[in-house]
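Trainee: Shown below is the structure under consideration.
Since every read-out is calculated from the coordinates, none of them should be taken as a lab result. Please read these numbers as outputs of a predicted model, since none were measured by experiment. Ideal geometry is used to build each Cβ from the backbone, glycine not excepted, and the neighbour counts take in all protein chains shown.
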Protein chains: 2
Amino acid sequence: METKAQVLYDFAAEPGNNELSVREGETISITNQNIGGGWVEARNSRGEVGLVPEDYIEINQAKPLPSGGSAAPLDLSFFDSHTPAPASTAQVDVAQKETPVTPGLPSSSPDEPEGTETGKTSNNAWQSGGTGHPQAYQGPGAEDDEWDDEWDDVKSSGGYAESDAVDGGAMNRGGAHGSSMKIALNKFPGFSKSGPELYLLAKQPAKGTKLPIYMGEVGPVWAYPDYQLDCVVADPKKGSKMYGLKSYIEYQVTPTTTNKPVNHRYKHFDWLYERLLDKYGSAIPIPSLPDKQVTGRFEEEFIKMRMERLQGWMSRMCRHPVVSSSEDWKTGKRKAEKDETVGVMVFATIEPEGLQDLDMIEVEQKCEQFSRFTKAMDDGVKDLLTIGNEHWKRCTGPLPKEYQRIGKAFQNLSAVFTTSGYEGEATLTDAMTAAGKTYEEIAQMVAEQPKKDLHFLMETNNEYKGLLGCFPDTIGVHKAAIEKVKEGDKLVAASKITSSEKTGMAKRASTMSYSLQAEMNHFHSNRIYDYNRVMQQYLEEQVKFYEKIAEKLRQAHSQFTTM
Amino acid sequence: METKAQVLYDFAAEPGNNELSVREGETISITNQNIGGGWVEARNSRGEVGLVPEDYIEINQAKPLPSGGSAAPLDLSFFDSHTPAPASTAQVDVAQKETPVTPGLPSSSPDEPEGTETGKTSNNAWQSGGTGHPQAYQGPGAEDDEWDDEWDDVKSSGGYAESDAVDGGAMNRGGAHGSSMKIALNKFPGFSKSGPELYLLAKQPAKGTKLPIYMGEVGPVWAYPDYQLDCVVADPKKGSKMYGLKSYIEYQVTPTTTNKPVNHRYKHFDWLYERLLDKYGSAIPIPSLPDKQVTGRFEEEFIKMRMERLQGWMSRMCRHPVVSSSEDWKTGKRKAEKDETVGVMVFATIEPEGLQDLDMIEVEQKCEQFSRFTKAMDDGVKDLLTIGNEHWKRCTGPLPKEYQRIGKAFQNLSAVFTTSGYEGEATLTDAMTAAGKTYEEIAQMVAEQPKKDLHFLMETNNEYKGLLGCFPDTIGVHKAAIEKVKEGDKLVAASKITSSEKTGMAKRASTMSYSLQAEMNHFHSNRIYDYNRVMQQYLEEQVKFYEKIAEKLRQAHSQFTTM
């Protein structure tokens, strides 16, 4: 019943982190393979259970037999649409869920999906259900199929899903999103601890399509697709299953390529995140998803916010030339999870085309430069988020309350004046009442304004905080590689590697550096675009806001008699 | 040496208020006649010292002999300009300080001043020194004459000058000013406890000019002068005396009638306040002066604020048709202090011209109406002050700090961006730096704005708080009179008053009601003018403020590239 694994490297558990110390050569039992973040839960021969880095072990490929029920060995792609199925049907015909390949998708893969029993062409993530009609929202319970059971098992058997505990209450804004991702990276360093020598000394670099890097105007750049993939995350709907005992939110995801919507739940996005992190995390910052939130999950505003953030995350992933061309968008779930080109091995798929190998000094300098920059920007972004957060609180809390009180005070005084019994009072009292109402309106404007401008500034910085939080790990891989290459002579002298292996290491480190430079240039170009856009939007809305206040006050002023 | 006085009515000291219980017929020694607020300090035969209401006693007119020195019985008008005099000259020729009467002053009195030895015509308050040359500021020490010594004695021998203790620290804004006046009225209720029967049953109503009340469009109104007296309080200068041991601030007071400046210190204003309160307080709200402030007296901002408030107080007094026509502006200090037409006796000088006597029901209704109105307005004004005060704190404290931090955060992030090494960064970073600087400028604008708008709104409301704080006492006098008139039949039956005295009481209560109505109409007309003006000014400045912010942000926005 249990999956066994061989331990490849020693791993010392960090106390208090639910980790399990293992030694090279040890055989362990995998008790939960779906922890995510590069970790699996395992039990050793002494019966101790804990987390072990995925990359430190080799899972035995002998799979348990199908046994009917929720643990069925389905190899359904995560991105298949979910058609209703009777709850008693343990096995669902995969083929029914397959969809034709989407024309226009960037870098459509030459590898056709495996494991499709009917021979249909692709399980594209962005396409609608098999029969060709758009997969609109099917109502609560419609999604209550075997897929959900499988996903739910992941959830229930886990217990280590750290993000569940991060934000157990009120909605956070610009706070926990990014930091929870950092926690994830710190706690589940998966790829970063896998050691770059896996790639530097790999005998057989990965086969298949290579990711080219070209020399652009700004330096090394990724190959950008002609068509920019994007998708729209919209129309969140509440669904429930198990006769209402379990409920969830489903989002409609529509790729710009096909314009056909598919429904997805948060955990489905989470699966994609885990896959992309495993596969690209060493080379490309894969920001974590918006936080899970346990309480108030169905509050309208929270759902809207999560949807927006899922949209932001999806758009960022779609915008990335390497990530958007990934097979992970199309491959079946089981197959994607079996992909061996994960961790540092991603560099084996990168090909700096016609670019000279860099010397180690330059590699190191670039690495240091990016490290400094991302650290400094991370500080700057966090600073702006802290300030923005406080400003948000003031703008939605005490400030409008004060304007409202000023408005009420004017109106109140005006009401008192009307009781004076003095003639010729009305012009003043009417004007004062109008002025009071104006300040009440201003109060409302002030309270609503952050949603119109600060929100986007915060969200953009929040996204960048998430991205920047990934860089220490990404850069860490590079630094480790550099250290390894520096040991080259020593290793040759100790006959641990051959001289040609040493040369190969340097060449591969150069490839890693090109990859980092391409990624940094991608990051910079996006950053300039994003900050230019968000600053413009912020200032534009601010101008409108202040102009509208001035106009309101001008009207209020005009009601007083000139003396 | 000491002034003796006969007690006219029983007075029971309120415990803890430094008061002295006295019985009718008792002889007491006056130990300090300059307490103010209708009180004197006295010692009884058992040696106990405390405050006694001025109106409850009759001071023996036997004056102590001149004795050379600071206690010299000078009868210099408070409003005489202060010409330098040798410190050893105990007696100064009063006549030298007399000035010719000012043409154009409202209701110039037919009574020429008494006690002027040279027969010169008037000691007008607003005129410059005797010799006809304008009395410009004469530098520190110039004012160090007998006047100051006398004033200082008042101060040092007192010890009951409550306002010294009211505001012993930081500058207050809209807070203590009005409330200290209320304290003064509560603690030194002088006129309000004097009992309206003094006037209602007075054998010989006051001689001299009567203050007429006419029927105007809005009801009974005071007679308004053709020329509106006003004065400018300006040019505060620090002076010192006793070789720098004592220092003070002198303000230049220039009446619009003569345009000739006189220098005055705070305590000189205070003397005028006390005189006006004694004389008119029963009929007209005489707001107290701005608070004294012991610490930080020479801080620039405090001086400016006090000057502004003294200006406001002076203007309000000048604007009042009854107060501005008062002899107190011209009379010598000693003479003014000997004026017997104080307290409720002021009503004896009021003459409703050609107006029918009001019946008691109407008198009572009017009184109730004004009582309700002033109470409601007092609440409204205090509410607005509290809110304004909080708003002031926010606008000068946390809010600009936040804008500044936003500005710094933008600039900081921009500075980080410049280190990216990425080409084409400058357009964004220049624009972001400019946006950051704009928010720093906005921070400064926000912090400075309250001085431009909220300040005047606060000051006006503060003034009204002071005025409204006087009404309970003014109205209290009326209510007491109404009660007395209601007892009329009983008193006649008990042979305490004659039937004709009863009729006289009703007639005089009617006069009091006309006086109150005239005062309320004056108050309403001023109120409408003041609030119309201040609301307009506030909104105008607010419009400018928001427009300027919008304009600054528009400029900042224009620096970003359109995409």
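Trainee: Calculate the translational D of the range A:3-59 in whole µm² s⁻¹ from Stokes-Einstein, where the hydrodynamic radius comes from the Kirkwood formula applied to all Cα pairs, the temperature is 20 °C and the viscosity 1.002 mPa s.
Mentor: In µm²/s, the coefficient is 200.
Trainee: Something else: Which cross-chain or sequence-distant (5 or more) residues have an amide H under 5 Å from the amide H of residue B:21, H modelled 1.01 Å from N in plane?
Mentor: B:13
Trainee: While we're looking at this one, here's another question. Do any of B:260/B:452; A:408/A:552; A:246/A:267; B:401/B:451; B:203/B:507; B:267/B:479 go past 23 Å between their Cα atoms, and which?
Mentor: Going by Cα-Cα distance, B:260/B:452; B:267/B:479 fall outside the 23 Å limit.
Trainee: For the range B:205-245 and the range A:433-457, what is the separation of their C-alpha centers, rounded to whole Å?
Mentor: 45 Å
Trainee: Can you work out the Karplus-derived ³J(HN,Hα) for every residue in the range B:309-320? Use 6.51 cos²θ - 1.76 cosθ + 1.60 with θ = phi - 60°, whole Hz, and x for glycine or proline.
Mentor: Listing the rounded values in order: 6, 4, 4, x, 5, 4, 4, 5, 5, 5, 6, 7 Hz.
Trainee: Oh, and also: Using the Karplus curve 6.51 cos²θ - 1.76 cosθ + 1.60 with θ = phi - 60°, work out ³J(HN,Hα) for each residue of the range B:415-422 in order, rounded to whole Hz, and write x for Gly and Pro.
Mentor: Working through the residues one at a time gives 5, 4, 4, 5, 8, 5, x, 8 Hz.
Trainee: Could you name the residue in chain B with the C-beta closest to the rotation axis that superposes chain B on chain A, along with the separation in whole Å?
Mentor: Nearest Cβ to the rotation axis, residue and whole-Å distance: B:546, 2.
Trainee: Check residue B:263: other-chain or 5+ apart residues with amide H under 5 Å from its amide H, H built from backbone geometry?
Mentor: Placed amide hydrogens put B:82, B:253 under 5 Å from residue B:263.
Trainee: For the pair residue A:48 and residue B:401, how long in nm is the line joining their label points, each one 7 Å along Cα→Cβ?
Mentor: 5.0 nm
Trainee: Quick check on the exposure proxy: order A:217, A:250 from fewest to most C-beta atoms within 10 angstrom.
Mentor: The most exposed by this proxy come first: A:217, A:250.
Trainee: Label position 7 Å from Cα toward Cβ: report the copy-to-copy distances for residue B:8 in nm, one decimal, ordered from shortest.
Mentor: Sorted ascending, the copy-to-copy spacings read 10.9 nm.
Trainee: Further question: Gap in Å between the Cα centre of the range A:470-488 and the Cα centre of the range A:489-539?
Mentor: 10 Å
Trainee: Once amide H atoms are built 1.01 Å from N in the peptide plane, which residues 5 or more positions from residue B:223, or in another chain, come under 5 Å H to H?
Mentor: B:214
Trainee: Please give the net charge around residue A:416, taking every other residue with its beta carbon less than 15 angstrom from that of residue A:416, where Lys and Arg add +1 and Asp and Glu add -1.
Mentor: 0
Trainee: Oh, and also: Tell me, what HN-Hα J-couplings in whole Hz come from the Karplus equation 6.51 cos²θ - 1.76 cosθ + 1.60 at θ = phi - 60° for each residue of the range B:425-434, using x for Gly and Pro?
Mentor: Computed from phi, the couplings for the range B:425-434 are 8, 4, 4, 5, 5, 4, 5, 5, 5, 4 Hz.
Trainee: Which three extents, in whole angstrom, do the alpha-carbon atoms of the range A:360-558 cover along their principal axes, largest first?
Mentor: Each principal axis gives a Cα extent; for the range A:360-558 these are 107, 23, 18 Å.
Trainee: Distances in nm, one decimal, shortest first, from residue B:368 to the same residue in every other copy, taking the label point 7 angstrom along Cα→Cβ.
Mentor: Between copies, matching label points for residue B:368 lie 9.0 nm apart.
Trainee: Where the label is 7 Å out from Cα toward Cβ, how close does residue B:496 come to the same position in every other copy, in nm, shortest first?
Mentor: Values, ascending and in nm: 11.5.
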